[in-house]
């Protein structure tokens, strides 16, 4: 895929957003600091990306309250799966987060499925041996406490490398050489996490498990600064991998 540049010399990437309050978050500034400029595309409001995909050196996809198997309810899901399948096939650097990761899993040949209980809040995640050796995930600690908010999981796609896991499910994989899927939320800011928590009654699974919003808000206040440092590091490493692959 041909990588276009701004006149400033920055490399352009596409941030695919499925819900207005679930975008790239702190990734925007972190990646800009490493020369990768994110341009957002809010899919439910706009059927086509701002530019031809060939003008982007990388693509990132983010979260949302919808689920990856709801093609009938959200007709844009099927084209998104086709788009991500083409990116994986093409070898374009791609990073999917939460719903974006589940769509990427579906595009890579695995069917996301509902968990018996959702993972919501601050939960333990551990890298696999493949994760510790991965060019992106090797920048992370071998174990950490991550912010999660999801009701579905993805099985490992055929031929993909498992990169991280929680006690309940697979947390990350790499498909091919340059497509990563992440179930947790390294991009989330405190403002976003607090907003999701305030709106928890919109999520029937959060209500079903008896989510305590005061407790979660307090834990977020304690953990978010360290978590954002990890998220910035991951975003910067992804940007470095992308910009290093662009011909000079």
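Laboratory data are not the source of any read-out in this text; all were calculated from the coordinates shown. Keep in mind that what you see is a predicted model, and the values were worked out from it rather than measured. Reconstructed Cβ throughout: ideal geometry from the backbone, glycine too, with neighbour counts over all protein chains shown.
Put a dot 7 Å past the Cα of residue 195, heading toward its Cβ, do the same for residue 244, and the two dots end up 3.4 nm apart. Per-residue packing, averaged as other Cβ atoms within 10 Å, sorts the ranges 186-192, 99-105, 72-78 into the order 99-105, 186-192, 72-78, beginning with the highest. Region 137-248 gives an Rg/Rh value of 1.01, both radii derived from C-alpha positions and Rh following Kirkwood.
Taking 7 Å steps out from each Cα toward its Cβ at residue 19 and residue 217 produces label points 1.9 nm apart. In this simple spin-label approximation, residue 204 and residue 74 carry label points 7 Å from Cα along the Cα→Cβ vector, and these lie 1.6 nm apart. Taking the longest Cα principal axis of the chain as reference, the axis of helix 213-245 is set at about 20 degrees. Considering only DSSP beta bridges where both residues belong to the chain, give the percentage that are antiparallel (nearest 5). Roughly 55 percent of the DSSP beta bridges within the chain come out antiparallel. As a rough footprinting exposure proxy, the listed residues 31, 66 were ranked by other beta carbons within 10 Å of their own, and the order from fewest upward is 66, 31. Averaging the Cα positions of each part gives two centres, and for region 41-95 and region 172-231 these lie 21 Å apart. Residue ranges 124-137, 35-48 sort as 124-137, 35-48 when ordered by packing (mean number of other C-beta atoms within 10 Å per residue, highest first).
Neighbour counts of C-beta atoms inside 10 Å place 67, 185 in the sequence 67, 185, starting with the fewest. Based on DSSP H segments of at least four residues, each scored -39500 (n - 2.57), the chain has a per-residue ellipticity at 222 nm of -10000 deg cm²/dmol.
Our Cα-only numbers for the chain put the radius of gyration and Dmax at 16.8, 53 Å. Taken over region 9-73, the ratio of Cα radius of gyration to 2.2 N^0.38 Å equals 1.17. Computed over the alpha-carbon pairs of region 194-246, the distance histogram in 5 Å steps reads 4, 18, 16, 14, 13, 12, 9, 8, 5, 1 percent, short to long. Against the chain, whose longest principal axis is taken from its Cα atoms, helix 77-90 shows a tilt of about 50°.
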